[in-house]
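K.L.:
I am attaching a structure below and will ask some questions about it afterwards.
The values are calculated or read from the model by the stated rules, or taken from the named source; none is laboratory data. Just so it is clear, the structure is predicted and the values come from calculations on it, not from any experiment. Here the Cβ is made from the backbone with ideal geometry for all residues, glycine too, and neighbour counts use every protein chain on show. Heavy atoms of the whole protein, side chains included, go into the accessibility calculation; ligands, DNA and RNA do not. Shrake-Rupley method; radii C 1.70, N 1.55, O 1.52, S 1.80 Å.
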Amino acid sequence: LGGNVLTVGPKKSGDTYKIGIQKPFDDSGSPIASVDITDASLVSSGVYERYFEKDGKRYHHLLDPFTGYPVENGLLGVTILSSSSMEGDALSTTAFVLGPEEGMALIESLPDTEAVFITEDYKLHYSSGLSGKQSAQNP
């Protein structure tokens, strides 16, 4: 569970936690966006942590269940906000494999679940419950 964060209660000050979503392939680990959460889980899956390149092609660990090869669907990462890290982990991978349209449709069909998708052009795509509640950084 490499991309999981769980917050329990607010900070001592009463404030929410501001959790950064890593900018893909950024060596410094800089965030591309952040979200404010409390009593919630944030889980990310992406192609930028576990991969290798051979002959100019990137091979990552998110595999297409039909071909067995790495998924190529225009996504770099998917972050899920929910109440469960376990469910968030499964959903981030599932939504990634489904791709931008079907993956977001899945998230929109689930109660109390939100998502941020990062596409190859470094654009951020938010589920409806996050619109206007997040902080985007410069990619």
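K.L.:
With all protein chains present, how much of the accessible area of the chain (probe radius 1.4 Å) comes from carbon and sulfur, to the nearest whole percent? Please report the intermediate quantities before stating the final value.
P.N.:
Details: 4020 of 7930 Å².
Accessible surface attributable to carbon and sulfur in the chain totals 51 percent.
K.L.:
Show the residues, 5+ positions off or on another chain, whose built amide H is closer than 5 Å to the amide H of Ile32.
P.N.:
Those qualifying (amide H under 5 Å, at least 5 residues apart or on another chain) are Ile21, Gln22, Lys23.
K.L.:
Note the full-extension length gain between Ser128 and Phe25 as 0.36 nm times their separation in residues minus their Cα-Cα distance, in nm to one decimal.
P.N.:
Stretched out fully, the Ser128 to Phe25 stretch lengthens by 34.4 nm.
K.L.:
Modelled label-to-label distance, Glu53 and Lys12, 7 Å Cα→beta-carbon offset: nm?
P.N.:
Distance between the two pseudo-spin positions: 4.5 nm.
K.L.:
Just by accessible area at a 1.4 angstrom probe, what is the order of Tyr122, Tyr48, Tyr69 from largest to smallest? Intermediate values should be presented prior to the final figure.
P.N.:
On the way: Tyr122 65, Tyr48 30, Tyr69 145 Å².
In descending accessible area the options line up as Tyr69, Tyr122, Tyr48.
K.L.:
Rounded to the nearest 500 deg cm²/dmol, what is the calculated helix-only ellipticity per residue at 222 nm for the chain, with -39500 (n - 2.57) per DSSP H run of length n ≥ 4?
P.N.:
On the way: 2 runs with 23 residues, N = 139.
Theoretical 222 nm ellipticity from helices: -5000 deg cm²/dmol.
K.L.:
Can you work out the accessible area per residue across the chain, with the rest of the protein chains kept in place, probe 1.4 Å, in square angstrom?
P.N.:
Details: 7930 Å² over 139 residues.
Result: 57 Å² of accessible area for each residue.
K.L.:
Output the relative contact order of the chain, whole-number percent, from Cα pairs under 8 angstrom with separation of 6+ residues. Before the final figure, lay out each step's value.
P.N.:
Values: 264 pairs, mean separation 31.5, N = 139.
Taking the mean separation of contacting Cα pairs over the length of the chain, I get 23 percent.
K.L.:
If you fit an axis through the alpha-carbon atoms of helix 85-98 and take the longest principal axis of the Cα set of the chain, what angle between them do you get, 0 to 90°, nearest 10?
P.N.:
On a 0 to 90 degree scale, this one is about 40.
K.L.:
Of Asp27, Asp64, Asp89, which is the most mobile in a GNM of the chain whose springs link Cα atoms less than 10 angstrom apart?
P.N.:
Evaluated over the chain, the most mobile residue of the options is Asp27.
K.L.:
Could you tell me the convex hull volume per residue, in Å³, taken over the Cα atoms of the range 1-105?
P.N.:
On the way: hull volume 11.9 nm³, N = 105.
Each residue corresponds to 113 Å³ of Cα convex hull volume.
K.L.:
While we're looking at this one, here's another question. If you place +1 on the Cβ of every Lys and Arg and -1 on the Cβ of every Asp and Glu, how big does the dipole about the Cα centre of the chain come out, in debye to the nearest 20? Spell out each step's value before the answer.
P.N.:
Values: 10 positive and 19 negative charges, 81 e Å.
Dipole of the chain, to the nearest 20 debye: 380 debye.
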